Amino acid sequence: MAVLSGVAVPLLLLGVLGGVGAVLKPHVLLQAEFYQRSEGPDKAWAQFGFHFDADELFHVELDAAQTVWRLPEFGRFASFEAQGALQNMAVGKQNLEVTIGNSNRSQQDFVTPELALFPAEAVSLEEPNVLICYADKFWPPVATMEWRRNGAVVSGGVYDSVYYGRPDLLFRKFSYLPFVPQRGDVYSCAVRRWGAEGPVQRMWEPEVPEPPSESSATLWCAVGLAVGIAGIAAGTALILRAVRRNAANRQPGLL
């Protein structure tokens with residue numbers, strides 16, 4: 001069971017389009033927070049953060065009572081006291097217990113995520129890249145994203161984002177895996193969710209053209225050689241024909 005809360009604050013910014021005039025362009029600043037716990041072992045999950053136009057500004061590490069900015073530069077222009085998030089979580093916990101009692105301990109249905117797996121840049125063999133695993137439209141916001149390479153679990157260098165809220169009260173999350181593409185490698189990303197029987201999984205492997213085989217290279221070499229010889233022969237024939245024609249034109253006429 002979980003209680004979710006959030007505040008969406010619309011901001012209006014004034015922009016000017018050349019030759020058209022002034023237009024109002026809306027932006028959304030979202031305070032997203034949730035507190036939830038399982039009905040079995042006493043285990044709870046909580047998150048607090050601010051998003052601007054669906055991009056994270058910061059979240060609060062609740063255990064450490066620390067504000068973590070998505071980009072360090074953001075913290076130079078603004079500040080947020082982590083203690084305020086802890087107070088909100090205390091209120092969320094109380095609201096959750098009240099909600100559980102009022103709902104006769106009923107639970108909301110789980111929503112399975114839509115999963116996509118793709119590289120950050122165009123793929124070239126032996127060139128460093130990043131694989132992105134994107135889980136979207138799921139509930140509740142409890143999910144573990146697991147990477148595998150050729151069947152073996154990979155954890156080094158992996159970075160997981162926080163949970164991003166959606167207007168429909170579902171959630172989305174990213175996981176990033178730095179890697180070096182190699183021919184024959186197969187990567188997978190699996191999302192294991194709280195309360196689900198099995199994971200949702202996607203597979204990915206580099207799509208690069210196969211190098212030509214030795215026989216194919218020999219064949220193309222022979223074809224190129226034949227075309228070259230034919231071109232030389234045709235050019236020689238044209239030169240001889242032109243020489244003969246010029247010689248015929250130079251013969252003196254009869255008196």
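The values are calculated or read from the model by the stated rules, or taken from the named source; none is laboratory data. Computed from a predicted model, the values in this text were never measured in an experiment. All Cβ positions, glycine included, derive from the backbone under ideal geometry; neighbour counts span all protein chains shown. When the accessible area is computed, the model is the full protein with side chains, heavy atoms only, and any ligands, DNA or RNA have been set aside. Shrake-Rupley method; radii C 1.70, N 1.55, O 1.52, S 1.80 Å.
Close amide-amide hydrogen proximity is noted between Val142 and Trp194, each under 5 Å apart and 5 or more residues distant or on a separate chain (H modeled in the peptide plane; Pro and chain starts excluded). Listed peptides 175-184, 139-148 appear in the order 139-148, 175-184 once ranked by packing, highest mean of other Cβ atoms within 10 Å at the front. Ranking Leu125, Asn88, Thr112 by Cα position along the charge dipole of the range 78-138, where only Lys, Arg, Asp and Glu carry charges on their C-beta atoms, puts Asn88 farthest toward the positive end. Residues Leu131, Leu170, sorted by accessible area with the largest first, give Leu170, Leu131 [1.4 Å probe; ligands and nucleic acids excluded].
Near the amide H of Trp45, within less than 5 Å, lie the amide hydrogens of Gln36, Arg37, all on another chain or at least 5 residues away, with H placed in the peptide plane. Here the dipole of the range 114-204 is about 240 debye; that uses its Cα centre as origin and unit charges on the Cβ of Lys and Arg (positive) and Asp and Glu (negative).
If you take the alpha carbon radius of gyration of the range 66-215 and divide it by 2.2 N^0.38 Å, what ratio comes out, to two decimals?
Expressed relative to 2.2 N^0.38 Å, the Cα Rg reads 1.37.
The equivalent ellipsoid that matches the C-alpha gyration tensor of the range 29-103 spans semi-axes of 27, 12, 11 angstrom, in descending order.
Less than 5 angstrom separates the built amide H of Leu57 from those of Phe50, His51, Phe52, all sequence-distant by 5 or more or on a different chain. When only Cα pairs below 8 angstrom with a gap of at least 6 residues are kept, the range 29-103 shows a relative contact order of 24 percent. Counting only lysines at least 8 places from Lys173 when in the same chain, those with an alpha carbon closer than 16 Å to its own are Lys137.
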